[in-house]
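Got a structure for you, written out below as structure tokens; questions coming shortly.
Bear in mind that the values in this text are calculations on the coordinates, not laboratory data. These numbers come from a predicted model, not from an experiment. Heads up, the Cβs are rebuilt from the backbone with ideal geometry, glycines too, and the neighbour counts pull from every protein chain shown.
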Amino acid sequence: MMKAAVVGVGYLGRFHAQKYKMIDDVELFAVCDTSLDRAQEVAKELNTQAISDYKDLLGKVDLVTIAASTQNHYEIAKFFLENKVSTFVEKPITATSRQAEELCDLAEKNNLTLQVGHVERFNPALTAATKVMTKPLFIEVHRLAPFTPRGSDVDVVLDLMIHDLDVIVSLVKSNIKSISAVGVPVITKMTDIANARLEFESGAIVNVTASRVSLQTTRKFRVFEKDKYLSIDFGKGSVDLLTKTGEWGGPVPPLNHESWSLEKGDALLVETKSFIDCVKNMKRPIVSGVDGLNALKLAEQITGAISEQFKKIQ
């Protein structure tokens, strides 16, 4: 039985630890946090041991999940990859793409699994929708949430928008042609609401908005194709599909409407099981380190465009 540990057991890390405890063929060996009190609290809940220094896990675990603050992802992940431990890193993979590139190189060099926590890829609504997608031409995305201190060590692009950037890159499968973006700091000193318009070489256009100063939570993803429209609600786990069935020539558009209300399931559990399977069977993760790197590079381009735009309006 493989042994696993979770490093960083704050709000999200605790959930990661719970998922390991639910899986039969892996042992949750320990939980780790710089706050030993917090680690002990989670360890008591899950009947495992608590440690405060992740380096004490060396030689004792086969795989590790890193759910510490973004600024610490690189240092911790590098330590485990250098010491031949397969690693799951919460999104964003690192604070900078240069750091992410180094982690990807380390994982490849040591023949290790490096997976990134873009959990929407395991959302049943997206899984169902991708089965009927062919060639996205226009994508409209809104990810809005009330403010929470969690994730506020980075701007809203790295905190929230990056979820959708990963999905967008996985669907469009084309290089970026141009980016325009705007963002505003509202609560923190960093960008708290951002909008970006992306044009891809394939001709696809994407308009994506992320906000952490909203009153309600919204996670909607709309895809337009030739003769087809898909609306995905990540929060509700629902999909609406409109398909053109003939030429329009009367009062009623020739459209067929299908609606799927899916069981939300437990995307984090599925994601964790997928990581374990990849480690065991040497498979490429659904969201690999390279995927995390590509999403981060796009996020950096958007952040750069926001900075340039913000200078113009000062």
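Decide, for region 1-151, between rounded, prolate and oblate: order the square roots of the alpha carbon gyration tensor eigenvalues as a ≥ b ≥ c, take rounded if a/c falls under 1.5, and otherwise choose prolate if a/b is larger than b/c, else oblate.
Cα axes put region 1-151 in the prolate bin.
Farthest toward the dipole's positive end in the chain, which of Phe275, Ala194, Cys32, given Cβ charges of +1 (Lys, Arg) and -1 (Asp, Glu) about the Cα centre?
Selected residue: Ala194.
Run the numbers for Ser202 and Ser174: contour at 0.36 nm per residue of separation, minus the present Cα-Cα distance, in nm. Spell out each step's value before the answer.
Details: separation 28, 0.36 × 28 = 10.08 nm, distance 0.59 nm.
Working it through step by step, the gained length comes to 9.5 nm.
Over region 219-267, what is the mean sequence separation of C-alpha contacts under 8 Å (at least six apart), divided by residue count, expressed as relative contact order in percent?
Relative contact order for region 219-267 comes out at 28 percent.
Which loop-located trypsin sites (Lys or Arg not before Pro) does region 24-106 contain, where loop means any DSSP state but H, G, I, E or B and the Cβ has at most 14 other Cβ atoms within 10 Å?
Counting only loop positions with at most 14 other Cβ atoms within 10 Å, the trypsin sites (Lys or Arg not before Pro) in region 24-106 are Lys60, Lys84.
Another question, then. Obtain the nm distance between the two label points defined at Met1 and Glu308 by a simple spin-label model: each point lies 7 Å from its Cα along the Cα-to-C-beta direction.
Going from the Met1 label point to the Glu308 one covers 5.5 nm.
Sticking with this one: Counting each DSSP H run of 4 or more residues in the chain as -39500 (n - 2.57), what helix-only mean residue ellipticity at 222 nm follows after dividing by all residues, to the nearest 500 deg cm²/dmol?
-10500 deg cm²/dmol
To the nearest 10 degrees, how steeply does helix 97-109 sit against the main Cα axis of the chain, on a 0 to 90 scale?
Once rounded, one gets 60 degrees.
Follow-up. Put a dot 7 Å past each Cα toward the Cβ at Thr127 and Val184; how far apart are the dots in nm?
Modelled inter-label distance: 3.9 nm.
A further question follows. If each residue of separation counts as 0.36 nm, what is the full-extension length gain between Lys280 and Lys84 once their alpha-carbon separation is subtracted?
Contour length minus Cα-Cα distance gives 69.2 nm.
Quick one: which of Lys135/Lys283; Lys131/Lys220; Lys3/Lys78; Lys91/Lys135; Lys226/Lys264 span more than 25 angstrom between C-alpha atoms?
Listed pairs above 25 Å: Lys135/Lys283; Lys91/Lys135; Lys226/Lys264.
Could you pull out the longest piece of the chain with no exposed loop GluC sites (Glu not before Pro) in it, calling a site exposed if DSSP puts it outside H, G, I, E, B and it has at most 15 other Cβ atoms within 10 Å? Walk me through the intermediate numbers first.
Values: sites that count: Glu201, Glu247, Glu263.
Longest run free of exposed loop sites: 1-200.
Would you be so kind as to identify which of Ser288, Gly235, Val184 lies farthest towards the positive end of the dipole of region 150-300, taking Lys and Arg as +1 and Asp and Glu as -1 on Cβ and the Cα centre as origin?
Ser288
Could you list Asp24, Asp62, Asp192, Asp155 in order of exposure, starting from the residue whose Cβ has the fewest other Cβ atoms within 10 Å?
Asp24, Asp62, Asp192, Asp155
Pairs of alpha-carbon atoms within less than 8 angstrom and 6+ residues apart define the contacts here; what relative contact order does the chain have, in percent? Write down the numbers at each step before the final one.
Working: 666 pairs, mean separation 56.9, N = 314.
Worked out over the chain, it gives 18 percent.
Of Gly246, Ile168, Ala43, which is farthest on the positive side of the dipole of the chain, counting Cα position, with +1 on Lys and Arg Cβ, -1 on Asp and Glu Cβ, and the Cα centre as origin?
The Cα lying farthest towards the positive end belongs to Gly246.
A follow-up question, please. What does the highest-first list of 213-222, 156-165 look like by mean Cβ count within 10 Å?
156-165, 213-222
May I ask you to compute the full-extension gain from Asp56 to Ser214, defined as 0.36 nm times their residue separation minus their alpha-carbon distance, rounded to one decimal in nm? Walk me through the numbers before you get to the answer.
Numbers: separation 158, 0.36 × 158 = 56.88 nm, distance 4.11 nm.
So the chain would gain 52.8 nm between Asp56 and Ser214.
Can you tell me the orientation of helix 267-281 relative to the chain, as the angle in degrees between its alpha-carbon axis and the longest Cα principal axis, to the nearest 10?
60 degrees
Assuming R0 = 45 Å, can you tell me the calculated FRET efficiency for the pair Gln71 and Asp24, based on Cβ-Cβ distance, to the nearest 0.05?
The pair Gln71/Asp24 has a calculated efficiency of 0.85.
If I fit a long axis through the Cα atoms of helix 70-82 and take the longest principal axis of the Cα atoms of the chain, what angle between them do I get, 0 to 90°, rounded to 10?
For 70-82 against the chain, the angle is about 60 degrees.
Charges only on Cβ, +1 for Lys and Arg, -1 for Asp and Glu: so what's the dipole of region 1-160 about the Cα centre, in debye to the nearest 20?
Taking the Cα centre of region 1-160 as origin, the dipole is about 380 debye.
Taking other Cβ within 10 Å of each residue's Cβ, how do Tyr11, Tyr74, Tyr229 sort, fewest first?
Tyr11, Tyr229, Tyr74
Treating only the Cβ of Lys, Arg, Asp and Glu as charged (+1, +1, -1, -1), what charge dipole size does region 111-186 show about its Cα centre? Round to the nearest 20 debye.
The dipole magnitude comes to about 360 debye.
Then there's this: Can you list the aspartates and glutamates whose alpha carbon is less than 14 Å from that of Lys60, not counting same-chain residues fewer than 8 positions off?
Once the sequence-local aspartates and glutamates are set aside, what remains near Lys60 is Glu27.
For the pair Leu268 and Glu108, how long in nm is the line joining their label points, each one 7 Å along Cα→Cβ?
3.2 nm
Any idea what the dipole of region 209-314 comes to, in debye rounded to 20, about its Cα centre with Lys/Arg Cβ at +1 and Asp/Glu Cβ at -1?
On the way: 16 positive and 13 negative charges, 71 e Å.
Here the size comes out at about 340 debye.
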